[in-house]
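The values are calculated or read from the model by the stated rules, or taken from the named source; none is laboratory data. Being a predicted model, the structure only gives us computed values, none of them experimental. Virtual Cβ from ideal backbone geometry, glycine too; neighbours counted across all protein chains shown. Heavy atoms of the whole protein, side chains included, go into the accessibility calculation; ligands, DNA and RNA do not. Shrake-Rupley method; radii C 1.70, N 1.55, O 1.52, S 1.80 Å.
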Amino acid sequence: MLSRLGALLQEAMGAREPSIDLLEAFVEHWKGITNYYIESTDENTPAKKTDIPWRLKQMLDILVYEEKQQAAAGEAGPCLEYLLQHKILETLCTLGKAEYPPGMRQQVLQFFSKVLAQVQHPLLHYLSVHRPVQKLLRLGGTVPGSLTEKEEVQFTTVLCSKIQQDPALLTYILEGRKTVGRKEASREATALPREAAGVKNEEQPHSKAPDRGARGARALSTQLPAETEEPDGGPGESTLITSLIGLCKSKRGRVALKAQENLLLLVSVASQATATYLVQSSPFCPAIVEHLCQLYQSLPSFLDPADIATSEGISWRLPSAPSDEASFPGKETLAAFLGWFDYCDHLITEAHTVVSEALAKSVAEKLFVDILQPQLLHVSEQSILTSTALLTAMLRQLRSPALLREAVAFLLGTDQQPAAPEDSPHTLGGHLVRHCDHLSDEISIATLRLFEELLQKPHEQIIHSLILCHLEGRPYVARGSPEPESYEDTLDLEEDPYFTDGFLDSGFQPSMKPPPAPVTNPDGKTAVTEIVNSFLCLVPEEAKTSAFLEETGYDTYVHDAYGLFQECSSRVAPWGWPPAPPPLDPHEPERPFFEGHFLRMLFDRISRILEQPYSLNLQVTSVLSRLALFPHPLIHEYLLDPYINLAPGCRSLFSVLVRVIGDLMQRIQRVPQFPGKLLLVRRQLMGQVPGEQLDHQTLLQGVVVLEEFCKELAAIAFVKFPPHGPHLRLSEPPEGHV
């Protein structure tokens, strides 16, 4: 026997094998492997130092060569029939499970992968292949950091490649023994007649090992009765899915990425029946979302919202920020969570509709409702701050329509009826609106950022729930007065009812109007110019400082506003908004107007612009600018029309700004050397001079923000109102004006 083993080792060293019958050679190599377990007593020699890898390679080469020599394509040759009838793959699977000799599992995984990849004959339909494949999958993907992760992911990659070629295979692989046993029994018997007759009573030469108590002998002598019965994992078991999800958690980046790509491939090729099985009878959704929740709960509680806001560009393919970016505590954990969230979003985007809807609902229930909502409503300011910043980061990454629908329902609810002023918040969004006017400026800023991100999402319910449901019917317009045919027919700026004699006596003098806007109507009417000038002339000359500095002009805002407006217009184009507001019915009685909790909060905030911190003012004006960009006629009218005839008790954005200017003129009288201090503060904000604490600094910073906000609104009005009448599409601004 030892001389025979020596001869085999000589062959392994490169001696040419004699030209013999393929089946005989195949059986000889298989017996050489089984004899190793019978004769070897050394349990420490690694498998790669034995002749087992070479013999497995020879068996693979014989199978591939035999298939190429087959005259009739699709028929199984004698060697392949022997492999199937004698359950060689099941035996190898058992040897791999025993890990004897050490490293045997790695060799088995490699052999399975190569056989499935290189043998073109369809194998996965056979029970004698399907069962060991399932068992081998069950061995891997469960222990993080396994030494065979590389081989495991290669094995699953081959399986997914076969499934991609024949998507019907996914059903067989996922559903396990019971279904496959019923569906494939007749097929296997037809495909391999000799196997049907001899599977149960076939000769097992390797099972006749003497009872020497050796580990190898025990492995061989017990493999058949132990492995013939398929463990019934129940309806929740799906070994390929479980294995892939386990590999997705690998610390080795390439292994995890390949496993994620394979899982994405599976859900994208799933049929209706398979998708239903994935949702109802596999651990797919629970396992994916459970890992997401675990990553979220592992985030440190001390994360800085500013650090969270800067963590952009993280994707599941690159779940870490560029190395040149500044590090901060918890950065890697945050990147891991955002990377997996991005992966979930991609799964929902690519998956079959059945899987997509189920996974989106699971993310909403387990992460949004069960974990995030209590933190957002917590009494702890740190909890509110961190969870709000994390939700904003998730919204920034969110792309899938199904998950976006769930996020919107989570935040704003499903009821789109307008709220009354006295209504208490009945949705999470209502509580978040209150957070925008929180005692903590940090919480207010973080929540305003959340709403700004939400307003950039392509979902009509967002803008409808927050704004439009309150503006429908135009209840903010006074009834009983005829509507002007054009803006030229309305009052001039100096005749505006908000600019009363008392207001002008306070020291306000309208500033010189800038040059006319570059676009005019053919008939000479300058409706756009009047609207733009109303905002540009709102801040008095003594409160303006931008003229003394470069790169702070109105043209810059026009350029930026044009790009943002085009982006917003393309996003809302599918919603079919009307081109103009509906005409008023003069006989319709006036009804009380409430702008909604969101706009009321924003108007209240902008009315306090002279008293609030600079960073908070920037965020408030940023949200209002986002709202003003929406190309809806009611938003045009309510936010950007200075000449609107407001109903009694109503206010608009322009009317709020007018009152802020009146307050500013009163305060200016109490600030000595106001123009010089204002210019110094602007230069400080631009980084041109070192920052130093000044008296009335909050007021002075608020004036700077107010001036820039009015220029920004003027620019938005200009790009939204086209040359030939309101609410038409605007052409590219003429060269030289932007």
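With a cut-off of 15 Å between beta carbons, the residues surrounding residue 625 carry a summed charge of -2, where Lys and Arg count +1 and Asp and Glu -1. Normalised by 2.2 N^0.38 Å, with N the number of residues, the alpha-carbon radius of gyration of region 257-409 equals 1.05.
Dividing the convex hull volume of the alpha carbon atoms of region 290-374 by its residue count gives 92 Å³ per residue. Atom-type composition of the exposed protein surface of region 661-703 places 47 percent of the accessible area on carbon and sulfur (1.4 angstrom probe). Counting only protein heavy atoms and a 1.4 Å probe, region 529-681 has 40 square angstrom of accessible area per residue. Here the accessible area is traced with a 1.4 Å probe on the protein chains. For region 529-621, carbon and sulfur cover 56 percent of it. Using equal-weight Cα scatterers in the Debye expression, the normalised intensity of region 87-158 in log10 at q = 0.21, 0.25 Å⁻¹ is -0.86, -1.21.
Dividing the Cα radius of gyration by the Kirkwood radius, what Rg/Rh value follows for region 371-448? Computed over Cα atoms, the ratio is 0.97. Other residues lying with their Cβ under 12 Å from the Cβ of residue 386 contribute a combined charge of -4, Lys and Arg counting +1, Asp and Glu -1. Computed from phi, the 3J(HN,Hα) profile of region 408-422 under the Karplus parametrisation 6.51, -1.76, 1.60 (θ = phi - 60°) reads 5, 5, 5, 7, 10, x, 10, 7, 9, 6, x, 8, 9, x, 8 Hz, with x in place of Gly and Pro. Computed over every Cα-Cα pair of region 624-695 and binned at 5 Å starting from 0, the pair-distance distribution P(r) comes out as 3, 13, 16, 14, 13, 13, 13, 11, 4, 0 percent.
Cross-link check: pairs 31/258; 48/68; 249/366; 97/162; 57/87 evaluated at a Cα-Cα cut-off of 26 Å; pairs beyond the cut-off: 31/258; 48/68. Computed from backbone phi with θ = phi - 60° and the Karplus coefficients 6.51, -1.76 and 1.60, the 3J(HN,Hα) list for region 656-669 is 5, 5, 4, 5, 5, 5, x, 5, 4, 5, 5, 6, 4, 4 Hz; x is used for glycine and proline. Working from Cα pairs under 8 Å separated by at least six residues, relative contact order for region 52-110 is 22 percent.
Taken over region 596-717, the ratio of Cα radius of gyration to 2.2 N^0.38 Å equals 1.13.
Here r is the Cβ-Cβ distance between residue 399 and residue 335 and R0 is 22 Å; the resulting FRET efficiency, rounded to 0.05, is 0.75. Each residue of region 168-174 is assigned a 3J(HN,Hα), and the resulting list reads 4, 5, 4, 4, 5, 5, 6 Hz, derived from the Karplus form 6.51 cos²θ - 1.76 cosθ + 1.60 (θ = phi - 60°), x at Gly and Pro. Once you have a ≥ b ≥ c as the square roots of the Cα gyration tensor eigenvalues for region 529-571, tell me rounded if a/c is under 1.5, and otherwise prolate or oblate according to whether a/b is larger than b/c. Oblate, since a/c reaches 1.5 and b/c is not below a/b. For region 47-178, just say rounded, prolate or oblate: build the C-alpha gyration tensor, square-root its eigenvalues into a ≥ b ≥ c, call rounded for a/c under 1.5, and beyond that prolate if a/b exceeds b/c, oblate if not. Oblate, since a/c reaches 1.5 and b/c is not below a/b.
Computed with a 1.4 Å probe over protein heavy atoms only, the accessible surface of region 409-459 comes to 46 Å² per residue.
In this structure the amide hydrogen of residue 477, modeled in the peptide plane, comes within under 5 Å of the amide hydrogens of 647, none closer than 5 places in sequence on its chain. Take 301-311, 252-262, 683-693 and order them by the average number of nearby Cβ atoms within 10 Å per residue, most first; the result is 252-262, 301-311, 683-693.
Binning all Cα-Cα separations of region 536-663 at 10 Å, short to long from zero, yields these whole-percent fractions: 10, 34, 38, 16, 3, 0.
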